[in-house]
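Novice: Attaching a single structure in structure tokens format; questions to follow.
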Amino acid sequence: MVQELFTSLLDRPEQFSGRSSLMTFLYRATTNLCLNRLRNARTRRRLLERQGPPPASAPARAEARAQAAELLRRLPEDQAKAVVYYYIDEMSQAEVADMLGCSRRHVGDLLTRARAQAAAGELRRVR
Amino acid sequence: MILERTRDEECLSDLTLDRMRVGELSASEDAAAREHLAGCERCAARRGELAGDADAAALPPLAARRRGPWGVALVFAAAAAVTLIVTRPAPAPAPEPAPEIGERRKGAPTLRFHVRRGDAVLEGAPGEVLRPGDAIRFGYSWSEGGALAVLSRDGAGVTSVYFPQGQVMPTVAAGEAVELPGATLLDDVTGPETFYGVFCARPVALERLRVAVEADPDAPRLPGECVIDRVRVEKRDGR
């Protein structure tokens, strides 16, 4: 994924407009690339075939990862990005707002809706 | 529960730590981050982990061929931040409120540099990791032209003038990616180092510039007609 990102940037350096810092841009570009990949069904199938079933030694972690991947695939794009920045990159809400170009209030709303979706998904699995 | 965090909101994110390492934080942001790191073992440890990752990824075999500016910048950034180093030439000069590190004003003059390590030459970028013995050659891009000096504040807090070698701030022509004569051989003082490209409408006493940087490295007080471009690098022992 990293290789793909940097190859793309070397081919088309104009992707970085200079409106944010380079590091911020790299975080944002990497997140977009990963979420796009996650939403690509054909890619998911290929990854699953290549990786096979999760090792029995780490079932809980594998299950959590699968749930997180499924949640990110189901969420609307802005909620998925907010979840990645806040729960995976563990940025502050202010940083997430900066990454998304919106207010902190809006970030809070996005995370609330994402949590509700996650809780609904867990409920469905329990049933 | 899928959605859980492992660190408090007031702790530093990886993004902040990465931006800190490559010198993208403003002076006030950098000071706040350092204050937090002084009292938070978890963040200090995480900072060390990220620096280790960046160090491991930084400057793979130096390419002898020259890359485009973004190629080099991105390689450095990918290393998650980087930094350079240099020697301690003759002490020298200083200026007015400088833009924050990483801030680029459209059309503003830019300080550039190349690193020679052995037979390889690489175009440098903010956050570069440099080694003692590396040779640095500075350059600039400036649409107007005027008087130019390059200063540095090393890991020991010593401020020096890298360019020019003489006592007078020389006048340079407008140009893109113009290389300055001479090179600076990095000494063995390690730690974060900041290069200051000082671009003025007319020559200013070098000692005045040096004193200004020494007095306030984050915001040197320079004459109004001077503009500063800062590049933060890091000098580390080679392995």
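Every number here is computed from the coordinates shown, using simple stated rules; none is lab data. It should be emphasised that the depicted structure is a prediction, and the values quoted were computed from it without experimental measurement. Don't worry about glycine lacking a Cβ; one is built from the backbone with ideal geometry, like all the others, and counts go over all protein chains shown.
Novice: State the extension gain, in nm to one decimal, for the chain segment bounded by B:Ala201 and B:Asp119, taking 0.36 nm per residue of separation less the distance between their alpha-carbons.
Specialist: In short, 25.8 nm is gained.
Novice: Apply the a/c threshold of 1.5 to the C-alpha gyration tensor of the range B:169-220 and tell me whether it is rounded, prolate or oblate.
Specialist: Because a/c hits 1.5 or more and a/b fails to exceed b/c, the range B:169-220 counts as oblate.
Novice: Next up: Hey, rough spin-label estimate for B:Glu225 and A:Val2, points 7 angstrom out along Cα→Cβ, what's it come to in nanometres?
Specialist: Here the answer is 4.8 nm between the modelled labels.
Novice: Something else: Count charges around A:Asp109 for me, please; just the other residues with Cβ under 14 Å from its Cβ, Lys/Arg as +1, Asp/Glu as -1. All intermediate terms of the calculation are to be shown ahead of the outcome.
Specialist: Numbers: positive: A:Lys81, A:Arg104, A:Arg105, A:Arg113, A:Arg115; negative: A:Asp78.
Local net charge: +4.
Novice: Okay, next question. Which distance in nm do the two modelled labels at B:Ala27 and B:Glu4 give, with both placed 7 Å along the Cα-to-Cβ direction?
Specialist: Result: 4.3 nm between the two label points.
Novice: In addition: Per residue of the range B:120-137, in order, report the coupling 6.51 cos²θ - 1.76 cosθ + 1.60 (Karplus, θ = phi - 60°) as ³J(HN,Hα) in whole Hz, putting x for Gly and Pro.
Specialist: Running phi through 6.51 cos²θ - 1.76 cosθ + 1.60 with θ = phi - 60° gives 9, 10, 10, 6, x, 8, x, x, 5, 9, 10, 10, x, x, 5, 9, 10, 10 Hz.
Novice: When a/c reaches 1.5 or more, the comparison of a/b and b/c decides; with that in mind, is the range B:113-239 rounded, prolate or oblate per its Cα gyration tensor?
Specialist: The shape class here is oblate.
Novice: Calculate, for B:Arg208 and A:Ala69, the FRET efficiency according to 1/(1 + (r/R0)^6) with r their C-beta to C-beta distance and R0 51 Å; round to the nearest 0.05.
Specialist: In this case the efficiency is close to 0.30.
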